[in-house]
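Single-structure report; data block below.
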Amino acid sequence: MHVKDLLDDLDLRLELPQHWYSTDISNEFEDAELIQNNDVVKIKTGGEDNTKFIVIDVDDGMSVVTKFSDGKVIGVKYLENKDDFEYIGNPSELYFKD
């Protein structure tokens with residue numbers, strides 16, 4: 001599944017850098033829930049062992065974050081340029097507020 005597929009499933013139309021649309025995401029997002037849709041779009045899905053989020057802020061970047069049941073958090077933040085990204089080891093509470 002790609003970000004574009006998820007946005008289509010949620011009937012969201014956003015102007016994003018092309019490489020964000022083609023970002024490969026887990027099939028766990030097939031049952032995702034839109035939990036915020038304003039200046040920042042937040043999408044959440046939960047599994048047995050973890051919770052995953054996609055946070056899209058066209059002015060700041062798109063993040064794909066996983067929070068595990070033991071509290072560990074990992075993720076990647078995709079920036080505007082195709083080859084620019086950063087690993088997220090300690091994301092802000094922005095990802096975990098519903």
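Through the Karplus equation 6.51 cos²θ - 1.76 cosθ + 1.60, θ set to phi - 60°, convert the phi angles of the range 38-47 into ³J(HN,Hα) values in whole Hz; use x for Gly and Pro.
Taking θ as phi minus 60°, the curve returns 9, 4, 10, 9, 10, 10, 10, 9, x, x Hz for the range 38-47.
Taking the highest mean first, how do the peptides 47-53, 34-40 order by number of other beta carbon atoms within 10 angstrom per residue? Mind showing how you got there, number by number?
Working: 47-53: 15.0, 34-40: 11.9.
Answer by packing, highest mean first, reads 47-53, 34-40.
Using helices alone, I'd like the mean residue ellipticity at 222 nm for the chain: each DSSP H run of four-plus residues gives -39500 (n - 2.57), total over residue count, nearest 500.
On the way: 2 runs with 11 residues, N = 98.
Value at 222 nm, helices only: -2500 deg cm²/dmol.
Rounded to whole Hz and in sequence order, give me ³J(HN,Hα) for the range 20-33 from the Karplus expression 6.51 cos²θ - 1.76 cosθ + 1.60, θ = phi - 60°, writing x for Gly and Pro.
3J(HN,Hα) across the range 20-33, in whole Hz: 5, 4, 8, 5, 6, 10, 5, 5, 4, 6, 4, 10, 5, 10.
Debye sum, Cα scatterers, the chain, no solvent: what log₁₀ I/I(0) at q = 0.11, 0.12, 0.18, 0.25 1/Å?
One equal scatterer on each Cα of the chain leads to -0.28, -0.34, -0.80, -1.63.
FYI, it's all coordinate maths here, none of it is from the lab. Since the structure is predicted, the reported quantities are computational estimates derived from the model, not experimental observations. Reconstructed Cβ throughout: ideal geometry from the backbone, glycine too, with neighbour counts over all protein chains shown.
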